[in-house]
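Participant: Take a look at this one; I'll ask things after.
The values are calculated or read from the model by the stated rules, or taken from the named source; none is laboratory data. No experiment lies behind these values; they were computed from the predicted model shown. All Cβ positions, even for glycine, are placed from backbone atoms using ideal geometry, and neighbour counts span all protein chains on display. Ligands, DNA and RNA are stripped out before the accessible areas are found, and what is left, the full protein with its side chains, is counted by its heavy atoms. Shrake-Rupley method; radii C 1.70, N 1.55, O 1.52, S 1.80 Å.
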Amino acid sequence: MAEETIFSKIIRREIPADIIYQDDLVTAFRDISPQAPTHILIIPNVLIPTVNDVTTDHEIALGRLFTVAAKIAKEEGVAEDGYRLIMNCNRHSGQEVFHIHMHLVGGRPLGPLLA
């Protein structure tokens with residue numbers, strides 16, 4: 001079984017976070033070190049350490065990540081101009097918390113890559 005992460009505690013509201021959306025499948029909250037004016041993390045409520053650990057059992061929750069991302073982008077006012085969705089997998093990609101998560105980043109021109 002995967003080890004619990006800080007995100008597990010955020011989902012259960014055991015530690016503070018600026019949660020902007022939560023349902024039975026996913027939780028979304030503002031990043032504590034934003035890389036753009038809008039920087040929100042969207043995570044499945046079930047602990048999946050990396051994309052390599054995804055199974056067909058996770059398809060509904062992972063699909064919800066995208067529908068919630070579109071909803072939040074509209075609410076945050078970044079849908080029209082555009083935003084970036086980022087998922088990292090393992091250390092070489094920069095994954096720091098081993099509970100898969102999607103970064104929704106926008107609010108300014110992002111260029112070809114985020115540094």
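Participant: Could you state the number of Å between the C-alpha centres of the range 16-42 and the range 56-87?
Facilitator: Here the answer is 11 Å between Cα centres.
Participant: On full extension of the chain, what length is gained from Ala79 through Ile15, given 0.36 nm per residue of separation minus the C-alpha to C-alpha distance?
Facilitator: Length gained between Ala79 and Ile15: 20.1 nm.
Participant: Under a Cβ-Cβ cut-off of 12 Å, what is the net charge of the residues other than Leu65 that fall near it, where Lys and Arg count +1 and Asp and Glu count -1?
Facilitator: Once positives and negatives cancel, what remains is 0.
Participant: Summarise the accessible area of the chain (1.4 Å probe, protein heavy atoms) by the percent that is carbon and sulfur.
Facilitator: Here carbon and sulfur together make up 53 percent of the probe-accessible area.
Participant: Between [x] 1.36; [y] 1.02; [z] 1.16, which entry matches Cα Rg over 2.2 N^0.38 Å as derived from the coordinates of this structure?
Facilitator: Working out Cα Rg over 2.2 N^0.38 Å from the coordinates points to [y].
Participant: Let me ask something else about it. Quick one: angle between helix 59-76 and the longest Cα principal axis of the chain, in degrees between 0 and 90, rounded to 10, please.
Facilitator: Between helix and principal axis, roughly 30 degrees.
Participant: How high is the relative contact order of the chain, in percent, with contacts defined as C-alpha pairs under 8 Å that are six or more residues apart?
Facilitator: Relative CO of the chain lands at 29 percent.
Participant: Could you tell me which of Pro34, Ala73, Leu62 has its Cα farthest along the dipole of the chain towards the positive end, charges placed at Cβ (Lys, Arg +1; Asp, Glu -1), taken about the Cα centre?
Facilitator: Projecting each Cα onto the dipole axis, the largest value belongs to Pro34.
Participant: Return the long-range amide H neighbours of Asn45 (sequence gap of 5 or more, or a different chain), with a cut-off of under 5 Å between placed amide H atoms.
Facilitator: Residues meeting the amide H criterion: Val26, Thr27.
Participant: At 1.4 Å probe radius, can you tell me the per residue accessible area of the chain in Å²?
Facilitator: That works out to 61 Å² per residue.
Participant: I would also like to ask the following. Counting Lys and Arg as +1 and Asp and Glu as -1, each charge on the Cβ, what is the dipole of the chain about the Cα centre in debye, to the nearest 20?
Facilitator: 220 debye
Participant: Here is a further query. Quick one: what do you get for the range 69-115 if you divide its Cα Rg by 2.2 N^0.38 Å?
Facilitator: Taking the Cα Rg and dividing by 2.2 N^0.38 Å, one obtains 1.26.
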